Each structure stands twice: as structure tokens, then as C-alpha cells.
Amino acid sequence: MTIDRRCFIEGAGAFFGAACLAGCGGKLKSAFPPAGGGNAYSVAILGDTHYDAEPESVYHSHYDESNKWAKVQHEEFRRNGEMWRTRCPALLSASAGISHSSETRFVLQLGDIIQGDCDDVPTHKKMLDDCIKLLRTPYPEGLPFLTVIGNHDFRGKGARQAYLDFAGKFMSEEIAKLTGAADPAHAEYPAFSFRTGDDLWVFCDFETKDLRPVIECIESGAGARHVFLVTHGPFTTPDGGGSCRWRLAGRRESAALRPKLYELLSRRHAIVLSGHTHTTAYYRHENEFGGFCEFTANSVWSKPELATAQPLCSSAKEYGAVNLAKLKGEKLEDFKSELEFFRPGLKEYFYNKGAGHCRLDVADASVSVSFYPGDAKEPARTFNLLYS
Ligand SMILES: [Fe+2]
């Protein structure tokens with residue numbers, strides 16, 4: 001039997017094989033046992049972290065100054081160095097503190113874990129290694145740490161292969177630790193999945209033009225209690241930025257299959273977890289297929305005042321208001337058309353530029369995420385992520 005490496009299912013033996021077949025074009029449609037009780041758990045969530053260090057020479061001594069984005073990127077190095085001096089370590093410590101005192105099953109970081117821009121493969125690898133070591137240290141020893149591919153994670157010369165090599169090994173080891181799978185897993189993009197308890201977790205490269213691997217992985221979860229889709233770039237058209245198409249299924253090449261992914265997420269009442277926009281956002285979609293929820297997290301605590309849960313938008317009728325007020329010309333028209341894909345089904349919406357850490361709580365009849373602004377030890381807001 002050939003096992004498609006996109007499908008990683010907890011367990012071994014016959015059940016493992018059956019579950020994989022279901023996700024790889026096989027005929028089995030229900031590979032999961034029915035959801036049972038007592039299978040509640042929590043996940044510590046970090047949004048983008050853009051790990052970096054001062055001075056610039058630590059990771060950017062090989063940086064190619066002829067890069068046309070050099071001015072912007074040097075500003076990002078400065079921002080990262082400053083926020084990682086005190087605020088981000090405090091945020092991390094607060095997230096870990098909650099994990100020590102609760103039933104946390106794993107840590108989930110939503111991509112752009114590092115800044116990148118090293119332009120040197122050994123330095124890029126060192127940035128990844130240093131970052132993982134730093135980020136996981138405060139958490140309980142042995143707690144699995146998962147991260148999804150973001151655009152910064154492979155930014156720089158030779159960096160894409162360096163990241164894929166890192167992710168293939170690191171994520172496979174962490175998933176094996178989480179699932180207890182005897183067989184070594186292979187975390188390969190554009191999409192792969194695994195199961196913890198009765199739940200299916202799908203990780204994808206948000207920049208993939210071909211949505212079929214993502215769809216296949218979600219379809220492999222027939223019978224799963226909950227389906228989670230982890231994508232660095234949001235699926236729902238985000239507000240507040242100039243590049244609204246830089247998201248999962250935002251490319252024109254993905255347009256044909258986007259409705260199918262939307263329908264599938266809705267039928268499965270899926271939960272989408274994303275980052276990328278450096279904003280905190282919540283979307284609840286409801287349509288003729290059912291519905292799904294998406295939450296976008298942000299841990300880029302670049303200014304003290306971003307430790308806030310005060311909304312800039314707090315109802316579906318405000319969806320798009322931020323960009324509609326600032327975009328012009330072709331960008332405005334394109335944004336309007338992208339909004340219209342989601343607007344009719346959007347029933348709840350929250351948006352702000354807040355940064356912090358989050359905690360996901362999963363149970364049979366409920367899934368929610370709590371937002372802790374900055375290094376808060378108490379949640380400021382909790383969002384229901386389970387469509388019902
Ligand atoms: Fe990003």
C-alpha cells in the first residue's frame with residue numbers, strides 16, 4: 001500500500017491504513033471512530049512572532065542591501081529587535097504560565113515564526129534553531145510545539161529549501177510526539193494532516209495555487225469530531241491591508257476551487273486558524289451548506305498600546321470598512337469583489353490591531369478561543385469557534 005505523505009493519522013496498524021486511504025482517494029469514507037466523551041484539551045496559540053535579535057549583525061550580516069525592499073526590511077529588523085527585547089518574552093512567559101496550569105496538549109504557532117532575510121543558509125538555519133529553542137523553553141518540558149509555514153519563514157537566499165528541510169524533520173518529530181504514532185510522520189507541504197484524539201488537524205501552505213491537496217486532507221476527516229485548518233494567510237478576505245489577495249485561495253489560479261473549499265469548510269463546520277495580517281480577527285460564516293468560523297491571531301507586539309481587545313469593528317455590517325475607507329482605484333474594486341465572496345454569509349465579525357497570545361479550548365460540544373492582550377494572564381475576550 002502506498003501511503004500519501006499528506007495524510008498523517010494518529011495510531012498504527014489497520015486503522016492507520018484505513019484512515020490514510022480515506023484521505024488519498026481511497027473508497028473508505030469514514031475512517032474515524034465516533035467522537036467520545038472526556039476528550040477535552042487546550043492549545044496555546046501564538047500568532048506571527050517574527051523572531052529576530054539585536055544587533056542586526058546577529059542574523060543579517062549577509063543581508064543583500066540591493067534588495068528593493070531594503071528600507072522596509074531594515075525597519076522590520078528594528079521593530080523585531082525592539083519587541084523581542086522585553087515585550088515578546090513577557091508575552092511568551094504569560095502564554096507558558098497558562099500552559100503550566102492547564103491541560104494544554106500542544107503549542108501552535110501560526111507562521112512567520114522568524115523574520116528571515118538572512119540571505120545565508122547557515123544563518124537562516126541558526127535563526128530557526130535559536131527561535132524554536134527560545135520559544136519552547138518557557139512551556140512545560142516535552143510539550144509538542146507545532147508551527148505552520150509563513151512567507152517570512154523562507155524569505156532570503158536559499159531559505160525556502162532550508163525551511164522545508166527544517167519543517168519536514170521538526171514537525172514530523174513533534175507530530176509523532178503529539179499523536180504517539182509509531183511510524184515516523186513526514187510533514188510535507190502544500191498540505192498534510194494528522195489526528196489527535198477524535199479531531200483532524202490540517203496544515204497547509206497558504207500560498208499554494210492548487211487547493212486540491214488541502215481539500216483532500218479535509219475530506220480525509222470524514223467522521224472526525226472537529227476539523228481544524230491551520231493556514232498562515234487567512235481564508236476569509238482580510239480587512240485592513242493593501243494585499244487582500246495574499247491569503248489562502250486568494251490567488252486568481254485558486255478561484256475555480258475556492259467555492260469548493262468554502263462549501264467543504266461549511267459542511268464540516270470547520271475551524272480555520274490563521275495569522276499573517278498582524279491583526280486579531282474573528283469571522284462566523286453561515287450559508288446554505290452550514291457554516292464555519294475563522295480566527296486570526298497576532299503576537300507581533302510591536303507597540304505597547306497594541307495590548308488591547310478594544311474592537312475597531314465588531315459586527316458583520318462593518319466587514320471591510322477599514323479598507324474601503326483607504327483603498328483607491330483598481331485595488332478598491334478588487335477588494336470589493338473579494339469581499340462579496342464572503343459578505344453574504346458573514347454573520348459575526350471582530351477586528352482590531354491587538355497583539356497577544358491565545359488559548360484554544362476544545363471539547364465535544366464546544367470549541368472556543370480566548371484572547372489575552374499583550375502579556376495578560378486573564379483573557380479579555382472569548383470567541384465561539386464551533387458553528388451550530
Ligand atoms: Fe506573513
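A few notes on this one:
- Number of the exception - Ile98 against (1) of a type in the set (A, V, I, L, M, F, W, C); (2) part of a helix (DSSP H, G or I); (3) touching a helix residue (DSSP H, G or I) at 6+ places or on another chain (Cβ under 9 Å); (4) closer than 18 Å to Asp375 by Cα: (3)
- Filtered residues of the stretch 310-357 (kept if out of contact with any strand residue (DSSP E or B) (no Cβ under 8 Å at 6 or more places or on another chain), in a loop (DSSP other than H, G, I, E, B) and within 30 Å of Gly81 (Cβ to Cβ)): Lys326
- Taking the stretch 145-235 and the strands (runs of 3 or more DSSP E) fully enclosed by it, the elements with 3 or more residues that are in contact with a helix residue (DSSP H, G or I) (Cβ under 6 Å, 6 or more places away or on another chain) and more than 16 Å from the ligand (Cβ to nearest atom) are at 191-196.
- The listed residue being buried (at least 23 other Cβ atoms within 10 Å of the Cβ) and of a type in the set (S, T, N, Q), out of Ser101, Ser172, Ser95: Ser95
- Residue check for Ile114: within 16 Å of the ligand (Cβ to nearest atom) and either more than 22 Å from His74 (Cα to Cα) or surrounded by 19 or more Cβ atoms within 10 Å (Cβ to Cβ) (or both): yes
- Residue list for the stretch 117-142, filter: among the acidic types (Asp, Glu), surrounded by fewer than 22 Cβ atoms within 10 Å (Cβ to Cβ) and part of a loop (DSSP other than H, G, I, E, B): Asp119, Asp120, Glu141
- Screening the stretch 333-365 for residues that are basic (Lys, Arg) and surrounded by fewer than 20 Cβ atoms within 10 Å (Cβ to Cβ) and picking the one that is nearest to Trp246 (Cα to Cα) gives Lys336.
All of the numbers you see were taken from the coordinates with simple rules; none came from a lab. Note that the structure is predicted; figures quoted are calculated from it, not measured. For neighbour counting, all protein chains shown are included, and Cβ atoms are generated from backbone atoms with ideal geometry for every residue, glycine included.
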